[in-house]
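Chemist: This is the structure I want to talk about, given as structure tokens.
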Amino acid sequence: MSSSDPHAAHATSVGHHKLPWYQAHHFDDIKTQVHAMRLGMWLFLGTEVLLFAGLFLGYAVYRWLYPATFQAGAAQLDVTMGCINTIVLITSSFFVAWGYHAVKMGERKKGVILLSFTILCAIVFLVIKYFEYAHKFHEGMLPGKFYTFTGINLPGANIFFAVYFLSTGLHAFHVIVGASILAWLTSRVFKGKYGREYHVPVELGALYWHLVDLIWIFLFPLLYLI
Amino acid sequence: MADKQQMTTGSHEEHHEVHGISRYVAIWLILLALTVLTVVTGKMDLGAANIYIAMAIATTKATLVVLFFMHLWDEGGVNRLVFAVSILFLLVLILGVFGDLTTRIPFSLPNSGPIP
């Protein structure tokens, strides 16, 4: 495959000595490496979609079996908090896209500030989620045998809250992981590791963060609204 | 040598078109507007249409995020293919399970009550 690529053949003839720190020697050139990095990230994001697919399927099946229960369950959730969290995540996605753009343009200081705003949004999201969870713990809307809520007298009510906790819980875990990755990337940008000439890790971290936003875009209407 | 590296990095940059942030701002505003729209339509009682409207808005928002925030609009073939295939398998999973569920005899379902 690489032999058909004129750039690759050209770079090989240059030799492997004195490569920049970010280029691995087993790639023909930086273009091939960047291509492989992006492809690897998209493959990972594909598996992430399939990971959440199981939970979305569980939601769909039980909603089909217990439509009235799921509507009654959705009415128990706080639409205002869910809506604020949606706006927070969409805004964080915007900040990370802008932050990546700034790093790519060589504006490192701006990049660090924007990536920090993204992490701040993640923390706001988790704090709001904490208040939502605390309320539900208090009301006994817990999954499985811990379910003690008596407000919905329909079959399958505990299943709605099990689906709610599993899907938002897995999503919240992704928020924590995504924010940690962004924090690590931000410190690397701050140290000057990434800038105009090399910024692919920031791009891939941003992709992960956008996926977290993407999943919430579906979870919010499914759980809170309908 | 250093120039050579600079040049190759630059060439992938050309491939990845450089836009200003105005496009990100536009997408952000559209996403916020669609969020308001989904909350408003979600509060209306439209019967069975509610879920279809909500899913249509969510899919539109997701498409905007994938194409413009995640750069698949500018990105070349294989990354698009990978993501499209994962969505395809998500649909296969849902269609397969619902094909089974909707064609079962009623009392094999958990919500059908006692067997007559």
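Chemist: Please count how many residues of the range B:57-98 are touching a residue at least 12 places away in the same chain (Cβ under 8 Å) and either buried (at least 16 other Cβ atoms within 10 Å of the Cβ) or in a helix (DSSP H, G or I) (or both).
Modeler: 12
Chemist: Condition test on A:Ile217, is it within 28 Å of A:His138 (Cα to Cα) and surrounded by fewer than 23 Cβ atoms within 10 Å (Cβ to Cβ)?
Modeler: When the stated conditions are applied, A:Ile217 does not pass them.
Chemist: Taking the stated definitions as given, is A:Phe44 surrounded by 21 or more Cβ atoms within 10 Å (Cβ to Cβ) and assigned to a helix (DSSP H, G or I)?
Modeler: Answer is no for this residue.
Chemist: Only one of A:Ala75, A:Ala97 is at pLDDT 95 or above and among the small types (Gly, Ala, Ser); which? Step through it out loud before you land on a result.
Modeler: On the way: A:Ala75 fails: at pLDDT 95 or above.
Checking each option against the conditions leaves just A:Ala97.
Chemist: I'd like the full set of residues that are modelled with pLDDT of 85 or more and open to solvent by less than 60 Å² (accessible area, probe 1.4 Å), limited to the range B:99-116.
Modeler: Within the range B:99-116, B:Gly99, B:Leu101 meet the criteria.
Chemist: Sort out which residues of the range B:35-56 are open to solvent by 70 Å² or more (accessible area, probe 1.4 Å), modelled with pLDDT of 90 or more and within 9 Å of chain A (Cβ to nearest Cβ), and write them in order of number.
Modeler: Selection gives B:Val36 alone.
Chemist: If you don't mind, there's one more thing I want to ask. Do you know which residues across the range B:22-34 are open to solvent by 50 Å² or more (accessible area, probe 1.4 Å) and either without any contact (Cβ under 8 Å) to a residue 12 or more places away in the chain or among the acidic types (Asp, Glu) (or both)? Give the steps one after another, and end with the answer.
Modeler: Step one: list which residues in the range B:22-34 are open to solvent by 50 Å² or more (accessible area, probe 1.4 Å), which gives B:22-23, B:28-30, B:33.
If the condition is that a residue be open to solvent by 50 Å² or more (accessible area, probe 1.4 Å) and either without any contact (Cβ under 8 Å) to a residue 12 or more places away in the chain or among the acidic types (Asp, Glu) (or both), then B:Ser22, B:Trp28, B:Leu29, B:Ala33 are the ones that fit.
The values are calculated or read from the model by the stated rules, or taken from the named source; none is laboratory data. Note that this is a predicted model, so its numbers are computed, not measured. Please note: Cβ atoms are built from the backbone with ideal geometry, for glycine as well, and neighbour counts cover all protein chains shown. Accessible surface areas use protein heavy atoms only, side chains included; no ligands, DNA or RNA. Shrake-Rupley method; radii C 1.70, N 1.55, O 1.52, S 1.80 Å.
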